[in-house]
Structures are given as C-alpha cells and as structure tokens.
2 protein chains.
Amino acid sequence: MLSSRTRKRRLRDPERTRERLLQAGFREVHRSGFQSASIDAILAATNVTKGALYYHFESKEDLGHAIVEEVVAKLPRDRWLLPLQRSKDKDPINALIGIVRAIPARPEDVRGGCPLVNLAQEMSQLDEQFRKRLETIFRAWQEGIATALRRGQSQGTVRRDVVASETAGFLIALVEGYQVLAKNAQDPKVWNGGIGNIVGWLRSLRAPRQSRRGGRRLMSKGRVVKKRQ
Amino acid sequence: MLSSRTRKRRLRDPERTRERLLQAGFREVHRSGFQSASIDAILAATNVTKGALYYHFESKEDLGHAIVEEVVAKLPRDRWLLPLQRSKDKDPINALIGIVRAIPARPEDVRGGCPLVNLAQEMSQLDEQFRKRLETIFRAWQEGIATALRRGQSQGTVRRDVVASETAGFLIALVEGYQVLAKNAQDPKVWNGGIGNIVGWLRSLRAPRQSRRGGRRLMSKGRVVKKRQ
DNA sequence: AATAACATACATACTAGTTGGTATGTTAAG
DNA sequence: CTTAACATACCAACTAGTATGTATGTTATT
C-alpha cells in the first residue's frame with residue numbers, strides 16, 4: 001500500500017486540505033493582516049471551496065487562531081529555540097549572533113515584516129484570544145533566550161551581571177524594532193544595518209577573558225560604535 | 001469681530017470640520033488600523049455627513065495621508081524633537097532619558113500602541129504613498145536624535161566612539177520594539193520595564209568623567225544588568 | 001464478496017450586512 | 001446671485017457566513 005500522498009492524489013484528503021488552508025491563510029494574513037484577509041482570496045489560492053473551509057474551521061477567527069498556533073508559532077521555534085538547544089555545548093552568544101545573522105534579509109522577507117509582530121500589532125488589542133496565543137509564543141521565545149544566557153553564565157562565557165530574562169526581552173525588542181524599521185523602509189539594507197548593531201550589542205554581553213572583577217565588560221565592537229576610535 | 005470660534009458656534013466652519021475629521025479619523029485608524037477603519041464610524045463620531053467628508057478629502061486614502069502628515073507626524077515632533085531642541089544646553093543623554101520616561105505609560109496608551117508603528121506596520125507594504133510619508137517621519141526622528149548626540153559629543157558628555165546616526169536608529173528600534181511587546185502584553189508593566197532597560201542602555205553612552213583613553217565606557221547601571229554584581 | 005447504512009468531506013448558491021464612493025439636492029456665507 | 005459647504009439617498013462591490021445538496025469513504029451485515 002502506498003501512502004496517501006504518493007497515490008494518484010486522492011480526491012479526499014482532509015489533513016492535506018486543512019494544511020493547505022492553514023498555509024494559504026497564513027500567506028494571506030501575512031500580506032493583508034487578519035481583518036483584511038479575504039476568505040475568498042484564501043479559497044481562490046487553494047482551489048478549496050467555502051464548504052470545505054467551514055467544515056474544517058468554524059469561523060474566520062477560528063482559522064486565524066489555528067494559523068497562529070500551528071504556523072506562526074513555528075517560526076521562533078525553528079529559528080531561535082531549536083538552534084539554541086542544538087548548540088547546547090557552545091557559547092550562547094555565538095549561537096545568538098548566528099541566529100540573528102541567519103534571519104532572512106531577502107527583499108520579500110524584509111518587506112513583509114515579521115509575521116509575529118504583524119499579528120501582534122494588529123490583533124492584540126482587538127481580540128483577546130489572538131493575544132493570548134501570541135503572548136505564549138513571545139514568552140517561549142524570551143524564556144528560550146534567557147535559558148541559553150543563564151547557561152552561558154554558568155559556563156563563564158556570559159557576564160554574570162546581566163539579568164537573563166531582561167536581556168532576552170531587550171534582544172527581542174531590538175530585533176522586532178529593527179524589523180519594523182526595515183519593513184517601513186522596505187529596504188534590506190536597513191535590516192542588515194540592524195543586524196550589525198544587534199551583533200555589536202550581543203558581543204557586549206560576553207564575560208571578560210579571565211573573568212576579572214565580577215564580570216564587567218565594555219560596550220565596544222558594536223556597529224553603534226566606531227571600529228577604531 | 002469675534003474670532004470664528006468664539007461666536008455662537010457658526011453653522012459652517014470648514015477648518016474646524018476638517019480638523020475634527022482628522023482627529024476622529026486618527027482615533028479610528030489608531031483603533032482599527034487604516035484598512036479596517038470605517039468611514040461611517042468616523043462620521044458617526046463627528047456628526048459630520050458623508051458629503052462633508054468627501055468635500056474635504058477626495059478619498060479614504062487621501063484622508064489617511066492627511067492624518068499621517070498632520071496628526072501622526074506631530075507625535076515624535078512634540079515628544080522628541082522639540083524637547084531635544086529646547087534642552088540645547090543640557091546633556092542630550094539626560095534629555096533622552098527624560099523623554100523616554102515621559103512616554104505615556106497609561107494602560108490605554110500602552111494597549112493602543114505607538115500610532116506610528118501601527119501604521120507603518122500595516123501600510124508600508126501596501127501603499128507607497130503611506131510609506132513615504134511615514135519614512136519622512138522616521139527620518140526626522142532619527143536625525144533629531146543623532147544631532148543631539150553629536151552635540152553631546154562636542155560637549156564631551158557623549159562617548160566619542162558612538163556613531164550618532166546608528167545609535168539613534170538603535171534607540172528608535174528599541175523604543176518601538178518594547179512598545180510592540182507592551183502592546184501585545186496589554187500591560188503597562190512591560191513598558192515600564194522597557195523604559196528601565198532603555199535608560200540603562202542610554203547611560204552606557206555617557207562619556208567617562210574625564211574622558212580617559214578615547215572614551216570607552218562600560219555597560220553597567222542598566223536594568224539589563226544587576227545593580228550590585 | 002456484496003451491499004446497505006451511515007458519516008465524512010466536500011460543492012454550490014445564496015443571504016444579510018457593510019464597505020467606500022457618488023449623484024444630486026439644499027442652505028448658509030460673502 | 002454665486003459658490004462654498006455641506007446633507008441625503010443611493011449604489012455596486014465585497015464581506016463572512018449558511019443552508020442545502022452531493023459524492024466519497026468507512027463500517028456493519030449478510
């Protein structure tokens with residue numbers, strides 16, 4: 001027996017139908033925002049009919065919630081949390097620098113903005129259900145970073161005087177803020193500049209070589225400061 | 001002759017009508033976003049009729065552009081640029097700290113988010129006219145901060161090794177990023193925490209007391225780092 | 001193995017409401 | 001009297017959502 005996918009494309013494949021709706025819904029929401037996302041546009045993009053959509057999701061909101069939980073939530077998980085866990089032995093600051101540098105800087109990504117921020121910005125005030133789901137994602141993101149930083153502190157690679165959770169929030173705010181600016185500029189150069197400055201700031205979190213005097217560290221090397229003073 | 005305002009409320013006062021539409025439009029757009037902003041809701045809020053609105057503005061987009069230029073643009077000007085200019089003699093870092101601390105932390109402000117970011121996030125990808133107007137605002141904001149920082153550098157209060165324009169962008173990203181997080185959390189505490197961390201970072205830009213060795217400076221005192229190591 | 005019974009997974013056509021926008025009429029101000 | 005500043009009524013397009021019908025897949029029965 002061949003798997004349901006490899007056979008001659010079954011006429012009914014509810015899981016696949018649902019997944020296609022989620023993906024197309026995500027794209028439409030990412031483009032237009034949730035409120036302006038058109039159900040008809042999603043259907044047109046998938047060649048799924050309205051009856052099928054409302055069989056799998058009981059309302060537009062329900063579809064939106066599923067998109068957040070099943071599509072949006074994956075983004076920080078894949079881009080941040082998994083890489084951080086995978087590099088358990090290495091210095092978390094190097095890992096974070098790598099992650100930040102790996103955030104897509106292609107024009108279409110920069111211009112579209114971070115889906116998480118897009119949705120949070122639009123919906124958190126309007127729909128508590130959306131907000132809660134988004135906050136869960138933010139929390140997991142922040143805690144993942146904080147955990148990695150604490151690990152770095154016990155390894156001696158991260159300054160002991162930084163407060164992990166606050167620093168994680170700082171980093172997230174920074175990343176999201178620069179993405180907003182880059183999206184508004186509609187210009188990858190803005191984002192690339194942001195990466196440089198974020199990386200510079202990240203380096204300032206490193207513990208000094210031999211941990212002299214309780215882990216103070218200067219704030220040079222960033223793109224915010226000149227390379228040669 | 002009494003001024004047009006003090007008389008017994010003239011039946012026709014086009015300037016006032018226009019201004020009321022701008023203000024109500026701003027509030028509606030701030031609440032719902034531009035796309036979902038309802039013309040009818042704006043009319044209901046102002047007791048102005050559709051004919052009057054379309055006499056003053058030729059389309060919804062036109063109204064939106066006017067809102068950006070005449071209402072939104074004032075916000076960073078009033079909150080950032082004017083205070084920075086007014087404190088020409090003082091240390092710009094102190095001025096910036098005061099400005100950041102003065103950003104409203106009332107629940108309704110935090111939950112509504114920064115109107116500039118809201119619009120940028122929603123519209124920059126969709127409507128180039130919107131984007132250009134918003135970018136003008138961001139540019140002026142960034143240049144205002146950069147100018148103040150450079151002034152501080154020649155005064156000797158700001159580290160010489162910081163690149164003013166980059167640092168200004170960093171600060172803006174940070175402020176906007178934290179406002180996004182606070183809006184998503186719908187919680188003023190998140191914003192207040194952000195203020196603390198921003199202020200801490202701002203302090204790290206100060207030139208050392210007697211400008212020893214080319215202006216290096218450590219990054220302590222922030223809320224990101226512990227107060228007593 | 002054949003088939004009846006049933007539930008799943010859709011498809012089609014429609015509705016009630018809202019949207020931005022307009023055509024045309026009216027009235028106040030100079 | 002003229003025209004600037006509205007007011008009213010209306011419209012076509014689009015919205016999410018639904019009622020109803022139908023074809024497919026599964027399961028129980030014989």
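The values are calculated or read from the model by the stated rules, or taken from the named source; none is laboratory data. Quantities reported herein were computed from a predicted structural model and do not represent experimental measurements. Positions of Cβ are generated from backbone atoms using ideal geometry, with glycine treated the same way; all protein chains shown enter the neighbour counts. Heavy atoms of the whole protein, side chains included, go into the accessibility calculation; ligands, DNA and RNA do not. Shrake-Rupley method; radii C 1.70, N 1.55, O 1.52, S 1.80 Å.
Some notes on this structure:
- For the range A:25-44, a tally of residues being within 13 Å of DNA strand C (Cβ to nearest atom) and of a type outside the set (S, T, Y) returns 6.
- Among the residues of the range A:165-187, those that are open to solvent by less than 10 Å² (accessible area, probe 1.4 Å) and of a type in the set (A, V, I, L, M, F, W, C) comprise A:A168, A:F170, A:L171, A:I172, A:A173, A:L174, A:V175, A:V180, A:A182.
- Filtering the range B:70-96 to residues that are closer than 26 Å to B:V190 by Cβ, buried (at least 16 other Cβ atoms within 10 Å of the Cβ) and over 15 Å from the mean Cα position of the chain (by Cα) leaves B:I93, B:A95.
- Residues of the range A:183-214 satisfying the condition of being more than 9 Å from every other protein chain (Cβ to nearest Cβ) and within 23 Å of B:V190 (Cβ to Cβ): A:L202
- Residue within the range A:38-53 that is under 13 Å from the mean Cα position of the chain (by Cα), surrounded by 15 or more Cβ atoms within 10 Å (Cβ to Cβ) and either within 27 Å of A:Q153 (Cβ to Cβ) or hydrophobic (A, V, I, L, M, F, W, C) (or both) present: no
- Unmet requirement for A:L126, which otherwise passes all of (1) within 16 Å of DNA strand C (Cβ to nearest atom); (2) at pLDDT 95 or above: (2)
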